[in-house]
Amino acid sequence: MTTEELRESLLMAPKNGYTRLNDTQKAEMEAYCKRYMDFMTACKTEREATSWAVQEAEKLGFKPYTIGMAVNPGDKIYYNNRGKSIALAVVGTEPLSAGANICAAHVDSPRLDLKPNPLYEDSEIAYFKTHYYGGIKKYQWPTIPLALHGVVYRKDGSVVTVTIGEEASEPILMISDLLPHLSADQMQKTLAKGIEGEQLNVILGTTPLEGEGSDLVKLAIMKLLNEKYGLIEADFQSAELTIVPAGPAREAGLDRSLISAYGHDDRVCAYAELEALFAIQNPRKTAVCILADKEEIGSVGISGMRSEYFEHFMGGLCDAQGVKLEDCFAASFCLSADVSNAFDPNFPETCERRNNSFLNYGVSICKYTGARGKSGASDASAEAMGHVRTTLNNAGVIWQMATLGKIDQGGGGTVAADMANRNIVTVDAGVPVLSMHAPLELVSKLDCYETMLACKAIYLA
């Protein structure tokens, strides 16, 4: 063999995914990304994503899970976990003793949550106090358009949905920052301290009601909220209200090859596994899609991946077939669908190029996440990686291998460890992201499309 033949047969030569797509695939990619952008514009919280999933699933014949229900091949079932997470399944032709093929993603994203007593007035400006949720760079949140999303459990026991700042006719909210002329002290601080958590106060208004008192602007804001939503101030104590970036998902780049949106991490993978599940009929193994909450703070709580709501759902399906849940888990495979960091030439020092994901090279497969010495990782076995490699290659999916930056730069986690702790073979995979955890993140259309194809391949494996 010549040197060139040896090189071709023995060495890897990664190629930009666009060199591997034909015109039909590119058209399918564009159509898929348009649907994904519509989803991202509509769904900025875990509640909104769960509600959207329920509505779309029911259109396609999915039925809500009930205790003791019969389970037959081809059945489409979902379990809405208190409106904040969801599990869906298409029952396979093989029994659950043969295991399930699972794709799991989270639908929460870093944001600002309102404190229980958020409304106050200072210097005749009304504000909301917030507590940031998940890993954010606090300095990125002032001076950008913000919107209010969430639900309120009112005094009379009714629940009202609140959304302000998304329509062009609606006002946006904002957090102020210092002018450069008076920032001498601020500019000496580290980025972590330039804006403190207690300074992330959202401006609501400045117009006072007529009358006497030091709370006339606050009262005016409360009056507006009462007129529109029937709220009183005490209702904030039984509310889940969130501040998120305002505005729709947008195409980015002069060539429109990227998508800019809030919350790609991790609704980009959640949508991929949802659409993939909706497209399949009568899989060999039961295909299960999980949209979980609370990943950004450790997957804890009743709606997080550590909750036993997943056991409740899968246990019910297993009971209907006379299968032990632990036997099902032991024979199952899970693709922990979560994003990776895309290589950014502006910050090359944070990444090890030989083992980093790149835009337009397809879905990123990650053997382990964690921090430094793989702490907190689910370190996938050779057999697990081989299964993914073979499955994606056989399906013609464009994929790449990656780790999360240089060893001692930091790290991160996914739901992979929570699934692996259930004795389910698990591998991480997802879309490479630029500006992860920023108010607006960037992803490649090609990588989004290939991640959906990867989820479909796993479901059908």
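Quick notes
- Length-normalised contact order of the chain in % [C-alpha pairs under 8 Å, at least 6 apart]: 22 percent
- Across the range 410-421, rounded Karplus estimates of 3J(HN,Hα) from the backbone phi angles (6.51 cos²θ - 1.76 cosθ + 1.60, θ = phi - 60°) give x, x, x, x, 9, 7, 4, 4, 5, 6, 4, 5 Hz, Gly and Pro being marked x.
- On the chain, 53 percent of the accessible area sits on carbon and sulfur atoms, based on a 1.4 Å probe.
- Other-chain or far-sequence residues with amide H under 5 Å of Ser332's (modelled H): Ala100, Val425
- Positive-pole candidate from Gln55, Ile458, Gly83, dipole of the chain, charges at beta carbon: Ile458
- With all protein chains kept in place, the per residue accessible area of the range 256-317 amounts to 26 square angstrom at a probe of 1.4 angstrom.
- Scoring 83-91, 399-407 by mean Cβ neighbours within 10 Å over their residues and listing the highest first yields 83-91, 399-407.
- The range 255-292 and the range 14-56 have Cα centres separated by 8 Å.
- Solvent-accessible area per residue in the range 179-240 equals 68 Å², computed with a 1.4 angstrom probe and all protein chains kept.
- The HN-Hα couplings worked out from phi for the range 105-112 by the Karplus form 6.51 cos²θ - 1.76 cosθ + 1.60 (θ = phi - 60°) are 9, 10, 10, 8, 9, x, 6, 10 Hz, whole numbers, x standing for Gly and Pro.
- Cα convex hull of the chain, projected area averaged across orientations, nm²: 26.2 nm²
- Computed from backbone phi with θ = phi - 60° and the Karplus coefficients 6.51, -1.76 and 1.60, the 3J(HN,Hα) list for the range 135-151 is x, 10, 9, 4, 5, 7, 8, x, 6, 10, x, 10, 10, 10, 10, x, 10 Hz; x is used for glycine and proline.
- With all protein chains modelled, accessible area of His264 [1.4 Å, Å²]: 0 Å²
- Count of Lys pairs (Cα-Cα under 21 Å; at least 8 positions apart or interchain) in the range 1-98: 10
- With R₀ fixed at 60 Å, the C-beta to C-beta distance from Thr390 to Gln188 puts the FRET efficiency at about 0.60.
- The range 169-236 versus the range 384-452: alpha-carbon centroid distance in Å: 38 Å
- Distant-in-sequence amide contacts of Gly263, defined by a placed amide H-H separation under 5 Å and a gap of 5 or more residues or a different chain, comprise Glu441.
The values are calculated or read from the model by the stated rules, or taken from the named source; none is laboratory data. What you see is a predicted model, and the numbers here were worked out from it, not measured in a lab. Backbone-built Cβ (ideal geometry, glycine too); neighbour counts: all protein chains shown. With ligands, DNA and RNA removed, areas are computed over all heavy atoms of the protein, side chains included. Shrake-Rupley method; radii C 1.70, N 1.55, O 1.52, S 1.80 Å.
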